[in-house]
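Input: a single structure, listed below in structure tokens.
The values are calculated or read from the model by the stated rules, or taken from the named source; none is laboratory data. Quick caveat: nothing in here was measured; it's all calculated off a predicted structure. In this analysis, Cβ positions are derived from the backbone assuming ideal geometry, glycine residues included, and neighbour counts consider all displayed protein chains.
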């Protein structure tokens, strides 16, 4: 199968009342883990690459790995740019074959965010690429995007309504209390805000910073209209622990395969758990 835009996956998720997992990939083993988990669960899946992943692995490697994965998969696979912050970067990803992009203008004034999002949509729509945007600031750190948690601004429902009406974006990431990275405590999501946004906005809602959010909170967010759930930190934790366990047993181990194999297996398991939580198992 070839890569598909996230709009295809999220439309079906909306109809079925579930969410599709968007899992960040940084190397070959994590790409393999994402696909293996999706295949095992018979689930559609979104592989996403952040600016940091592209800088680390190289955009040619990321797109080549994703295309190989999708071509050999029997489930629908999207390749999505996570937190693109410039028009030029988004265009590069579209030219290289990403099937979906996120333009994150959340740090810009409201009108400038709309303007930038519409510039991206004008190009992306012409080539069948879907677009996610962000409104409100999500706390924590996402690669080179830093937002002080105390200054993180939640999404205003009325602004979300106007933003969607004036852009026609395919999916909207909202700030309701999640944060990127590892949580220091238990995050509390603003469910009334999410419910209000969803009552005013008839497009799929995206939840960023979902690693570490309690399962019951994720499940409730999905019931309230979240259709794409981003997971990165949980994969990193499982992957590194899998490799660390090997070295803890034998500190003299020098075969990367003997470290990265168990790391990949650990990533597969956490991704499968998330897929089941999101309700997309068996939906491929």
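Tabulated data
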| quantity | calculated |
| --- | --- |
| Members of segment 27-53 found to be under 15 Å from the mean Cα position of the chain (by Cα) and either in a helix (DSSP H, G or I) or surrounded by fewer than 18 Cβ atoms within 10 Å (Cβ to Cβ) (or both), listed by number | 30, 31, 34, 35, 38, 51, 52, 53 |
| Among residues of segment 61-92, those that are in contact with a helix residue (DSSP H, G or I) (Cβ under 9 Å, 6 or more places away or on another chain) and more than 17 Å from residue 22 (Cα to Cα), counted | 11 |
| Residue that is modelled with the lowest pLDDT [pool: residues in segment 154-174 that are touching a helix residue (DSSP H, G or I) at 6+ places or on another chain (Cβ under 9 Å) and closer than 14 Å to residue 137 by Cα] | 154 |
| Residue in segment 230-249 that is within 26 Å of residue 157 (Cβ to Cβ) and buried (at least 17 other Cβ atoms within 10 Å of the Cβ) present | yes |
| When residues of segment 134-153 are limited to those that are at pLDDT 85 or above and buried (at least 21 other Cβ atoms within 10 Å of the Cβ), the one nearest to residue 120 (Cα to Cα) | 134 |
| From 181, 279, residue being within 21 Å of residue 153 (Cα to Cα) and either without any contact (Cβ under 8 Å) to a residue 60 or more places away in the chain or out of contact with any strand residue (DSSP E or B) (no Cβ under 6 Å at 6 or more places or on another chain) (or both) | 181 |
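Listed here are the residues, each with its yes/no results for (1) part of a helix (DSSP H, G or I); (2) surrounded by 23 or more Cβ atoms within 10 Å (Cβ to Cβ); (3) modelled with pLDDT of 95 or more; (4) in contact with a strand residue (DSSP E or B) (Cβ under 8 Å, 6 or more places away or on another chain).
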position: 61; (1), (2), (3), (4): yes, no, yes, no
position: 66; (1), (2), (3), (4): yes, yes, yes, yes
position: 70; (1), (2), (3), (4): yes, no, yes, yes
position: 74; (1), (2), (3), (4): no, no, yes, no
position: 80; (1), (2), (3), (4): no, yes, yes, yes
position: 83; (1), (2), (3), (4): no, yes, no, yes
position: 91; (1), (2), (3), (4): yes, no, yes, no
position: 94; (1), (2), (3), (4): yes, no, yes, yes
position: 101; (1), (2), (3), (4): no, yes, yes, yes
